[in-house]
Amino acid sequence: MKSTLTEPRIHDDLAEFYSLWRDACLGKKASEADEVKFLLDTLASFSNVRSVIDLGGSVGLHAIALAKHGFDVTLLDRANTALAIAKRTSPELKTVQSSFESISLTENFDASFCMFSSSSYLLEEAERKAFYDWVKTHITDLAVFDQINTLRLPRTYSDNCQAEDKHFRFNVLREWHFEEDLLHTSFVYEFVDKASEATKIINDRQVQKFLTVEELVEYMGKEWRIVALLGDCNLSQPFDQEKSPRMIAVFKKQDCWKK
Ligand SMILES: C[S@@+](CC[C@H](N)C(=O)[O-])C[C@H]1O[C@@H](n2cnc3c(N)ncnc32)[C@H](O)[C@@H]1O
């Protein structure tokens, strides 16, 4: 199936190393702590929510923290390995194994969030339509979509980024290029076991399609309105397409459309 070929192993059989990969790609250790603070601020500013769904939440970096803050959290992801790690960390966390394009959950949630470009792995129009249709009909108040700001990226690029934890030093060689509106990235991961200095090299790759804010607005339809468009995980940082590292859209359902 196309989607398994275009999604990287780091979300799947290598999910045990997902936090390291995230730290390396973002160039910052444990940035999810700031992101959780941002989500708490956003939920408090725009809404009075209790139930939330983390769409593409992987190993639960945000979901587990929000559950600790008293929210009724469901973590949805298609990667079984990532969900198993989330459950290992927090056995009581509610998890749902599902692809975005075929969510069969009938339950409604007050709010949803989709962090770190999770929805960019939907490459086909029909998949995106199915996903946003589900969000529009099953989220009753607030929907947050976070993606990297690709408008400021060079069309081709390569770099090296690093991260480490207790056990491993992790080096990532990244090369990307755009083919029309698709971002193709190849990775070479180098894992160095700190205890033995043994090294392992693994190749990985991904393809992503990022949306403009206009496209997001179109998918969300007339019942939803953008209440904040931000350039990073900070409510006082507006989106600037030339400078912002991210593009985060906060949508709220219009009162007149609420049942
Ligand atoms: C870049 S990670 C982001 C994880 C997390 N939201 C974060 O901020 O670190 C993308 C996640 O989306 C999930 N994902 C990608 N495509 C998906 C799809 N079509 N359906 C469900 N989950 C998907 C992957 O399994 C992965 O866990």
Notebook entry, point to check: Just how large is the dipole of the chain about the Cα centre, in debye to the nearest 20, putting +1 at every Lys and Arg Cβ and -1 at every Asp and Glu Cβ?
Noted result: 440
Note to self: Under 10 Å, Cα contacts only: if you run a Gaussian network model on the chain, which one of GLU190, GLU101, GLU180 comes out with the highest mean-square fluctuation?
What the structure shows: GLU180
Check: How high is the relative contact order of the chain, given as a whole-number percent (alpha carbon pairs under 8 Å, six or more residues apart)?
Finding: 18
Check: Of all DSSP beta bridges in the chain, what percent run antiparallel (nearest 5)?
Finding: 75
Notebook entry, point to check: Which lysines have a Cα lying under 29 Å from the Cα of LYS252, excluding residues fewer than 8 positions away in the same chain?
Noted result: LYS37, LYS68, LYS94, LYS129, LYS136, LYS209, LYS222, LYS243
Notebook entry, point to check: Percent relative contact order of region 152-208, based on C-alpha pairs within less than 8 angstrom and at least six residues apart?
Noted result: 28
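FYI, it's all coordinate maths here, none of it is from the lab. This structure is a prediction, so every number in the text was calculated from the model and none was measured. Ideal geometry is used to build each Cβ from the backbone, glycine not excepted, and the neighbour counts take in all protein chains shown.
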